């Protein structure tokens, strides 16, 4: 389709994806519970240990996920969809699959591949959260490199690189 301009690349995104504060909060609560529990009650010390493990999980999980996706992108184990964007829509959903309230869902198709994501979720991959957001609309020529973790599951098609055709970029 010609030359493309890079709009998004997971490798250019910083590793901290907004969830670090949750890990810090868990860690602070764990230390307080462990210190208080050590002097007062044994069960509170165990609660502190459990919270410490939760903090480790919540801080390490996004880092592991990002690293896994980066390795797939760098090794070429990704699929590529190239063509015109069609069927774009977005809406504010009352709840997502995890039960979170009022989240923005965006959905579109490129080269017969359906993509969808929650803009509000802090997860590695393109979510159109840059300010200002990319103006996605039908007819936009794109090339998308993605990893499909679960065959046929739209929100498991993680967009790792997004490029837009140069000719169109010059007109915008």
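Here are the numbers for this structure:
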quantity: Checklist (1) in contact with a strand residue (DSSP E or B) (Cβ under 7 Å, 6 or more places away or on another chain); (2) modelled with pLDDT of 80 or more applied to residue 135, failing item; calculated: (1)
quantity: Residues within the stretch 59-104 that are buried (at least 16 other Cβ atoms within 10 Å of the Cβ), in a strand (DSSP E or B) and at pLDDT below 85, tallied; calculated: 2
quantity: Filter result for residue 163 (in a strand (DSSP E or B) and either modelled with pLDDT under 80 or surrounded by 15 or more Cβ atoms within 10 Å (Cβ to Cβ) (or both)); calculated: yes
quantity: Residues within the stretch 105-132 that are more than 13 Å from the chain's Cα centre (by Cα), outside any strand (DSSP E or B) and surrounded by 13 or more Cβ atoms within 10 Å (Cβ to Cβ), tallied; calculated: 1
quantity: Near pairs, Cβ below 6 angstrom, 6+ apart or cross-chain, from the stretch 38-62 (under 30 Å from residue 10 (Cα atoms)) to any residue that is modelled with pLDDT of 70 or more and surrounded by fewer than 17 Cβ atoms within 10 Å (Cβ to Cβ); calculated: none
quantity: Single unsatisfied condition, residue 147 versus (1) part of a loop (DSSP other than H, G, I, E, B); (2) more than 20 Å from residue 92 (Cα to Cα); calculated: (1)
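The values are calculated or read from the model by the stated rules, or taken from the named source; none is laboratory data. Values in this document were obtained by computation on a predicted structure and should not be read as measured data. Because the Cβ atoms are built from the backbone with ideal geometry, glycine has one as well, and the counts that use them run over all protein chains shown.
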